[in-house]
Amino acid sequence: MGWNPGRSGRYRVNHESLNLYWRDRGHWPYFIHVDDQLAGFFLIREYPANRQLVDVDQFFLLRKFRRQRVGLEPLHLGVHQHPGQWQIRVLKQ
């Protein structure tokens, strides 16, 4: 995306939007593990403009796990656990 980390090497995150996943109904956080390693995360929510849609708000895998089909099982489990009409948006970059 071309975003630069701060001086500490970390990216800035809107913590309030992440807090919703542990606090509010209609938000579901999942961590993705490969063996005993944290590989990424998957954030699902009811889409605010249309609560009938299940929205993939964020789906992130560390670079070393990409192109290994690691993300398929979490996606399939999410669809199974949250049946309905899904919306999956993809950044062009």
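Some notes on this structure:
- Positive-end residue, the chain charge dipole about Cα centroid, Cβ charges, pick of 11, 44, 65: 11
- Calculated FRET value between residue 17 and residue 37, using beta carbons and R₀ = 30 Å, to 0.05: 0.70
- Two-site label geometry, residue 58 and residue 4: point separation in nm, points 7 Å out along Cα→Cβ: 2.2
- Reference-scaled alpha-carbon Rg (2.2 N^0.38 Å with N residues) for the chain: 1.16
- Computed magnitude of the charge dipole of region 2-93 (debye, nearest 20; Cβ of K, R +1, Cβ of D, E -1): 460
- Under the criterion of Cα pairs below 8 Å and six or more residues apart, the relative contact order for the chain equals 20 percent.
- Accessible area per residue in Å² at 1.4 Å probe, computed on the chain: 84
The values are calculated or read from the model by the stated rules, or taken from the named source; none is laboratory data. As the structure is a prediction and not an experimental result, all values here were calculated from the model. Because the Cβ atoms are built from the backbone with ideal geometry, glycine has one as well, and the counts that use them run over all protein chains shown. All accessible areas refer to the heavy atoms of the entire protein, side chains included, with ligands and DNA or RNA removed. Shrake-Rupley method; radii C 1.70, N 1.55, O 1.52, S 1.80 Å.
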